[in-house]
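Undergrad: Can you keep this structure in mind? I'll have questions shortly.
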Amino acid sequence: MHIVVCIKQVPDSAQIRVHPVTNTIMRQGVPTIINPYDLFSLEEALRLRDKFGGKVTVLTMGPPMADTSLRKALSMGADAAVLLSDRCFAGSDTLATSYALASAIAKITETEPVGMVFCGKQTIDGDTAQVGPGIAKRLELNQLTYVERIDAVDETARKITVERRAEGGVQVLSTSLPCLITMLEGTNVVRRGTMEDMLRAARTEIPMWSAAKAGITDTALCGLKGSPTVVKKVFAPPPRKEKAKQIDVTGKTADDIAAATLNALFAADARLEETLFRQAGH
Amino acid sequence: MTEAKPAPAAAPARGKMKVELSDHFKTYKDVWVFIELERGQVHPVSWELLGEGRKLANKLGVELAGVVMGAPGDSADAAVAGAYEYGADLVYTIQDPLLADYRNEPFARGMTDLVNTYKPEILLLGATTLGRDLAGTVATTLKTGLTADCTEMAIDDDRSMGATRPTFGGSLLCTIYTLNVRPQMATIRPRVMSMPDREAGRTGRLVVHSLGMQEDSIVTKILNYIPDASKEDAHLAYADVVVAGGMGLGKPENFKLVKELASVLGAEYGGSRPLVQKGWIESARQIGQTGKTIRPRLYIAAGISGAIQHRVGVEGADMILAINTDPNAPIFDFAHQGIVGDALTVLPALTETFRRHLAQKRAAE
């Protein structure tokens, strides 16, 4: 089976710094990584390929430098990669992003039919979880989000059974292929590539597809033009009017500080003591 | 009236980007809230959204509607009644045995159908696994804008909704508009909005719609449902008292100090994002924008610096007590009480002092 895994190159959020004066993101020197949630989906796709045979193609939309993330995915064992990159994609919101990615997957399907598409649960920079469902809808793929486990895949009958995380429990769902899956984090252990994979990744030519190459004829559906949402302003939250009242700690023991803290808490909120008393009684 | 005025100073930046709504979308009215009914229970986030929806509807001078989808029966009826009591003026309902358990296909079809028929200008859903699964499909089908995980909503003078959410991994906030398509859709996490008062006996109009699908036409089947053995993450979001730790604890073994204080207070415990990323605690215990949003009576944050993504997840707490060695840590900008000190010494002292204090109070009762 041919599986497409959509990945995104994101800034390593642990390294993001905000300029203290201008409140803008300082992008210089921030390392990029594959969106960590995507790795669980990539791993699951690779496992299915190892078990049933076939091929895993990784797909990303982004600037030309996003090929480093595709190469990384190749070094982990993916068989092929496609970089979807065009100036007309700039400023895409989730609706325009799902359009571009769905178009590329449809194009891939023309030569090599795709049985399953994997996406990350969400990204760490946008955190929307909207692109996966968007692609599923556009390609009319059966949608399976927040999957904890793939129980069974029957290629001949084109059936799949999964365990999907719901509020308060797990749904066991069966559906037909083709389908789109987003894996929940921590559901598998992401592999390191073999030496052979790493060498192959370094040698692989990654095709770069323009919008036209992906079969997109109407660029009004792409990028800023194709995005119904617009970000009006980016800002740091206004500080609270008052800063925290500091408990006096100079020269005090930890026990004195703790006692002063209880007094301060109960003085500031008369009902808090009662709340705690009832709470701790349980 | 407006034509006579000179061009207002604030308008230009916006005017360039906003497009006049088409006559078709101008007919879209009212604020809708999706009432999430799963396995007989309404998720409390739906009531929280009705509280927020009420404010938006009042500002717009329109009605607030709840949308209840589920199998016919007592729990769907209770959800409809609850929607009125939490503020809905009317309820749109689709009740069909096919909607007994959540599946994307029939729910997305029903919701899309309702929107196309009754035309709301705003549609709010809880940012739960169900709400996000559904919202993404519905927004794509309707080709409209969807803003995830909003923390604040406002209505502009031109009636458009500004949806504010954290961005860039929670390091800044941004305000997003859906320009010229309706409805304007948004998801909001549980506990981000406060729970409105329930007005017992309040009632409203009911609009019944049919799903018009057959089981044969739905590809996805539910084979089984396995309820969770423990519901501890649900407890964290709705806990009255929460104690959490961050990187200031130094090493994973020290997290037990957080648990000990939580245990004495009968509180839930959690941690900041780096702790989850380092594997010190499970992800269900993460507090902040990408974890759980909490609104406890008391929140104690030990060794947490207070990045924006953490701040937006805890700001609804009535009382925040922060412990940090760095007097300039951002957490002191939004905490109510602060202790500049080492969590490793302060936490055990607090645990002991609270334990003694509560024991004395118990003895005195």
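Undergrad: Using DSSP, restrict attention to beta bridges with both residues in the protein assembly as shown and report what percent are antiparallel, rounded to the nearest 5.
TA: Roughly 35 percent of the beta bridges in the protein assembly as shown run antiparallel, per DSSP.
Undergrad: Here is a further query. Could you tell me what a quarter of the Cα convex hull surface of segment B:197-255 works out to, in nm² with one decimal place?
TA: Averaged projected area of segment B:197-255's Cα convex hull equals 10.5 nm².
Undergrad: If you average the sequence gap of Cα pairs under 8 Å that are 6 or more apart and divide by the length of segment A:2-221, what percent do you get for the contact order?
TA: 26 percent
Undergrad: Choose one answer from A:168, A:29, A:77: the residue with the largest mean-square fluctuation in a GNM of chain A with alpha-carbon springs under 10 Å.
TA: So, out of A:168, A:29, A:77, the one fluctuating most is A:168.
Undergrad: Further question on the same structure: Please list 3J(HN,Hα) in residue order for segment A:205-216, calculated via the Karplus relation 6.51 cos²θ - 1.76 cosθ + 1.60 where θ = phi - 60°; whole Hz, with x for glycine and proline.
TA: Result, rounded to whole Hz: 7, 9, x, 10, 9, 7, 4, 4, 5, 7, x, 7.
Undergrad: Could you compute Rg(Cα) / (2.2 N^0.38 Å) for segment B:150-222, with N its residue count?
TA: Taking the Cα Rg and dividing by 2.2 N^0.38 Å, one obtains 1.65.
Undergrad: Across 10 Å bins from the origin, how do the percents of Cα pairs in the protein assembly as shown run, short distances first?
TA: Final binned percentages: 3, 15, 24, 26, 20, 10, 3, 0.
Undergrad: Report, to the nearest 10°, how far helix B:104-118 tilts away from the longest principal axis of the Cα atoms in chain B, using its own Cα long axis and a range of 0 to 90°.
TA: For helix B:104-118, the angle is close to 60 degrees.
Undergrad: Provide, as a two-decimal number, the C-alpha radius of gyration of segment A:239-282 over 2.2 N^0.38 Å, N being how many residues it has.
TA: This ratio for segment A:239-282 stands at 1.41.
Undergrad: Could you sort A:55-62, B:175-182, B:250-257, B:54-61 so that the peptide with the highest average Cβ count within 10 Å comes first and the rest follow in order?
TA: Per-residue mean Cβ counts within 10 Å order the peptides as A:55-62, B:175-182, B:54-61, B:250-257.
Undergrad: Can you give me the Rg/Rh ratio for segment B:178-219, using Cα atoms for both radii and the Kirkwood formula for Rh?
TA: When Rh is taken as the Kirkwood radius, the ratio is 1.11.
Undergrad: Relative to the longest principal Cα axis of chain A, at what angle does helix A:94-111 sit, 0 to 90 degrees, rounded to 10?
TA: That works out to roughly 30 degrees.
Undergrad: For residue A:199 paired with residue A:112, estimate the spin-label separation in nm (one decimal), with each label point 7 Å from Cα along the Cα-to-Cβ line.
TA: Between residue A:199 and residue A:112, the simple spin-label model gives 2.2 nm.
Undergrad: Here's another thing I want to ask about it. Listed highest first by mean packing, meaning other Cβ atoms within 10 Å per residue, what order do B:344-355, B:72-83, A:104-115 come in?
TA: The densest-packed peptide leads the list: B:344-355, B:72-83, A:104-115.
Undergrad: If I take R0 = 30 Å and measure r between the Cβ atoms of residue B:205 and residue B:238 in this structure, what FRET efficiency does the formula 1/(1 + (r/R0)^6) give, to the nearest 0.05?
TA: 0.45
Undergrad: Quick check: convex hull over the Cα atoms of segment A:33-166, volume per residue in Å³, rounded to an integer?
TA: 115 Å³
Undergrad: Please list, in chain and number order, the residues 5+ apart from residue B:152 or on another chain whose amide H is under 5 Å from its amide H, with Hs placed from the backbone.
TA: Amide H neighbours of residue B:152: B:164.
Undergrad: May I pose another question? So what are the radius of gyration and Dmax for the Cα set of segment B:18-217, in Å?
TA: Looking at segment B:18-217, its Cα Rg and Dmax stand at 15.8, 48 Å.
Undergrad: Taking the radius of gyration and the Kirkwood hydrodynamic radius from Cα positions alone, what is the Rg/Rh ratio for chain B, to two decimal places?
TA: When Rh is taken as the Kirkwood radius, the ratio is 1.02.
Undergrad: Please find, in a Gaussian network model of chain B (springs between Cα atoms separated by less than 10 Å), the residue of B:262, B:229, B:135 whose mean-square fluctuation is greatest.
TA: Taking springs between Cα atoms under 10 Å, the residue moving most is B:229.
Undergrad: Measure up A:72/A:233; A:55/A:107; A:121/B:292; A:8/A:137 against 25 Å on the Cα-Cα distance and list the ones that go over.
TA: Flagged as over cut-off: A:72/A:233.
Undergrad: Given N residues in segment A:131-265, what is Rg(Cα) / (2.2 N^0.38 Å)?
TA: The value comes to 1.87.
Undergrad: Going 7 Å from the Cα of residue A:271 toward and past its Cβ, which residues in segment B:313-354 have a backbone nitrogen under 16 Å from where you end up?
TA: Correct set: B:317-320.
Undergrad: Counting only residues 5 or more places away or on other chains, whose amide H sits under 5 Å from the amide H of residue A:169 once H atoms are built in the peptide plane?
TA: B:228
Undergrad: Calculate, axis by axis, the spread of Cα positions in segment B:115-175 along the three principal axes, and write the results as whole Å, longest axis first.
TA: If we take the Cα atoms of segment B:115-175, the spans are 39, 33, 17 Å.
Undergrad: Give a residue-ordered list of calculated ³J(HN,Hα) values for segment B:216-224 (Karplus: 6.51 cos²θ - 1.76 cosθ + 1.60, θ = phi - 60°; whole Hz; x for Gly, Pro).
TA: Once θ is set to phi - 60°, the couplings for segment B:216-224 become 4, 7, 9, 6, 7, 10, 8, 8, 6 Hz.
Undergrad: Same structure, new question: Roughly how many nanometres apart are two label points built 7 Å out from the Cα toward the Cβ at residue B:22 and residue B:345?
TA: 6.8 nm
Undergrad: Within 10 Å of each Cβ in B:320-326, how many Cβ atoms from other chains are there, averaged over the peptide?
TA: Average neighbour count from other chains, rounded to a whole number: 2.
Undergrad: A follow-up question, please. What whole-number distance in Å separates the alpha-carbon centres of segment A:96-110 and segment A:167-187?
TA: Each part's Cα centre sits 22 Å from the other's.
Undergrad: Here is a follow-up. Suppose R0 equals 51 Å; then what is the FRET efficiency for residue A:156 and residue A:253 from their Cβ-Cβ distance, rounded to the nearest 0.05?
TA: Between residue A:156 and residue A:253 the formula returns 0.10.
Undergrad: What FRET efficiency comes out for residue B:363 versus residue A:47 if R0 is 56 angstrom and r is the Cβ-Cβ distance? Round to the nearest 0.05.
TA: Taking R0 as 56 Å, the efficiency between residue B:363 and residue A:47 is 0.40.
Undergrad: Over what distance in Å are the Cα centres of segment A:247-282 and segment B:35-50 separated?
TA: With segment A:247-282 and segment B:35-50 each reduced to a Cα centre, they are spaced 35 Å.
Undergrad: Testing the spin-label approximation: label points 7 Å from Cα along Cα→Cβ at residue A:172 and residue A:231. State their distance in nm.
TA: 4.3 nm
Undergrad: Next up: Which residues' amide hydrogens lie under 5 Å from the amide hydrogen of residue A:8, considering only partners 5 or more residues apart or on another chain, with H built in the peptide plane?
TA: Sorted by chain and number, the residues that satisfy this are A:35.
Undergrad: Choose one answer from A:190, A:230, A:147: the residue with the largest mean-square fluctuation in a GNM of chain A with alpha-carbon springs under 10 Å.
TA: Fluctuation is largest for A:230.
Undergrad: What net charge do the residues around residue B:280 carry, taking every other residue with its C-beta under 12 Å from that of residue B:280, with Lys and Arg at +1 and Asp and Glu at -1?
TA: Local charge sum for residue B:280: +4.
Undergrad: Starting from the coordinates of the alpha-carbon atoms of segment B:206-365, obtain the Kirkwood hydrodynamic radius over all distinct pairs and give the value in Å to one decimal.
TA: 17.3 Å
Undergrad: Checking the a/c ratio against 1.5 first, then a/b against b/c, what shape does the Cα gyration tensor give for chain A?
TA: The shape class here is prolate.
Here, each number is a calculation from the coordinates, and none is a lab measurement. Because the structure is a prediction, the values reported are computed rather than measured. Because the Cβ atoms are built from the backbone with ideal geometry, glycine has one as well, and the counts that use them run over all protein chains shown.
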